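S.K.: Questions regarding the structure given below will be posed in turn.
The values are calculated or read from the model by the stated rules, or taken from the named source; none is laboratory data. As the structure is a computational prediction, the values presented were derived from the model and not from experiment. Neighbour counts run over all protein chains shown; Cβ positions are idealised from the backbone, glycine included.
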Amino acid sequence: MSRITLSRYLIEQTRSNNTPADLRFLIEVVARACKEISYAVSKGALGGVLGSMETENIQGEVQKKLDVLSNDILLEANEWGGHLAGMASEEMDNAYQIPGKYPKGAYLLVFDPLDGSSNIDVNVSVGTIFSVLRCPDRNGEEGDLGEEAFLQPGTEQVAAGYAIYGPQTMLMLTLGNGVKGFTLDRELGSFVMTHDNIQVPAQTKEFAINMSNQRHWEAPVTRYVDELLAGKSGPLEKDYNMRWVAAMVADVHRILTRGGMFMYPRDSREPEKPGKLRLMYEANPMSFIIEQAGGAATNGYQRILDIQPTSLHQRVAVFLGSKEEVERVTGYHQA
């Protein structure tokens, strides 16, 4: 039985599902960049990449060395290929302009170069999240690409995926027709399809949330989690297990492979912020993937993919995973 590599899969999509060739090349370049990041992550202390920088990103978070390295790898890999009109990263204040010496393409690439980087120094899974949008027609306008070009609802994504750097390096990808999983074969040097037509079970007995923030949650979240913890004797009449890795990539990957519920609600300590996670870099691509696998994703009140972004670094509350549980907690918010 022949093995299907990522490249072969993308070629087949170009032939059978009218996936544009330039989108195929773009995904392949992103995948190669993820392989390079995987190698850097696996070197750890041997590569001198652990620890923090003396800098902060736009969110005021201290940047890890691998945050910056991963960001640079993705920029340098994708800026010259002619597939992109611009890029945006969680680690940069503004949109990244394609240098004038390179051709420009039809797409925009948005990414979190290293999700869960607080786990790097303790050797826990981290990952890269990315989203692809079409660049709006600029009607011949010259000059820098503004932030407004990126401010598209998640429904406009043409592709999304993530790489997870754990015991194996895997790439999970959707082109809008389901979710496929690819595992990096280091001997072959290629991502090989190992998971086809991934589906998130509609029901689950697992949930992921940071319980240390319980006193800061809104009432609907407290009600829902109290019911989960009540187990068989509670209104949901079944026992639940809690799993929390503190890296969205790792928690979502677990949900994709065996079901579950991921929650990162808004926090009363910062009432002016609608949530913690970034809509463009984390919530939109992960919601696209989860929905394509049969799950659901909301901010507690509405479908995440329907939210109209107002800024590159907009934050949002996130409830995603098994459809039945997402609908339950969303209903508590809407009551």
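S.K.: Just checking, does the range 310-326 include any residue being under 16 Å from the mean Cα position of the chain (by Cα), closer than 15 Å to residue 157 by Cβ and not aliphatic (A, V, I, L, M)?
M.R.: No.
S.K.: Which of the following residues is out of contact with any Leu (no Cβ under 8 Å at 6 or more places or on another chain), in a helix (DSSP H, G or I) and modelled with pLDDT under 95: 222, 257?
M.R.: 257
S.K.: From the set of residues in the range 186-219 that are touching a helix residue (DSSP H, G or I) at 6+ places or on another chain (Cβ under 6 Å) and at pLDDT below 95, which is nearest to residue 238 (Cα to Cα)?
M.R.: It comes out as 203.
S.K.: Is there a residue being assigned to a loop (DSSP other than H, G, I, E, B), at pLDDT below 95 and under 22 Å from residue 18 (Cβ atoms) anywhere in the range 110-118?
M.R.: no
One line per residue, one yes/no per condition, for (1) touching a Pro at 6+ places or on another chain (Cβ under 9 Å); (2) among the charged types (D, E, K, R); (3) in contact (Cβ under 8 Å) with a residue 60 or more places away in the chain:
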site: 255; (1), (2), (3): no, no, yes
site: 269; (1), (2), (3): no, yes, no
site: 276; (1), (2), (3): yes, yes, no
site: 310; (1), (2), (3): no, no, yes
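S.K.: Could you tell me which numbered condition residue 182 fails, if it satisfies all but one of (1) free of Cβ contacts under 8 Å to residues at least 60 places away in the same chain; (2) under 19 Å from the mean Cα position of the chain (by Cα)?
M.R.: (1)
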